[in-house]
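Structure record follows, encoded as structure tokens.
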């Protein structure tokens, strides 16, 4: 009986330890536990990315924030939309990697953003 308890405790400790190991670049996922944790994981996701990759991810977050917005007036009247953030869409992107967020935004038929001349 004591062996079974010891094995269970060791297994639990290993599971916790492996969950706390930092993710490799590109495998950072959005932690949607709170707006603060979503923001922290988004910043970690952006770190060490090229400017082009950062732009793609930032635009994807913008697209997902604008989903369901019917007009410019609605965006102007909604304070949350004046500064779109990962916190606003944290439940939508929970557990996603940067690649998955970009792919999800690309499948959005209602919001298109064009970037020109930099």
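The values are calculated or read from the model by the stated rules, or taken from the named source; none is laboratory data. Everything numeric here is computed off the predicted structure, so don't read it as measured data. A quick note on method: Cβ atoms are made from the backbone with ideal geometry, for glycine too, and the neighbour counts reach across all protein chains shown.
Tabulated values for the structure
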| quantity | calculated |
| --- | --- |
| Residue under evaluation residue 85, criteria (1) touching a helix residue (DSSP H, G or I) at 6+ places or on another chain (Cβ under 8 Å); (2) in contact (Cβ under 8 Å) with a residue 24 or more places away in the chain; (3) not in a loop (DSSP other than H, G, I, E, B), criterion not met | (3) |
| Counted residues, the stretch 88-113 - those being at negative phi and part of a loop (DSSP other than H, G, I, E, B) | 16 |
| Matching option when the condition is modelled with pLDDT of 90 or more, surrounded by 14 or more Cβ atoms within 10 Å (Cβ to Cβ) and more than 27 Å from residue 115 (Cβ to Cβ), among 37, 41, 85 | 37 |
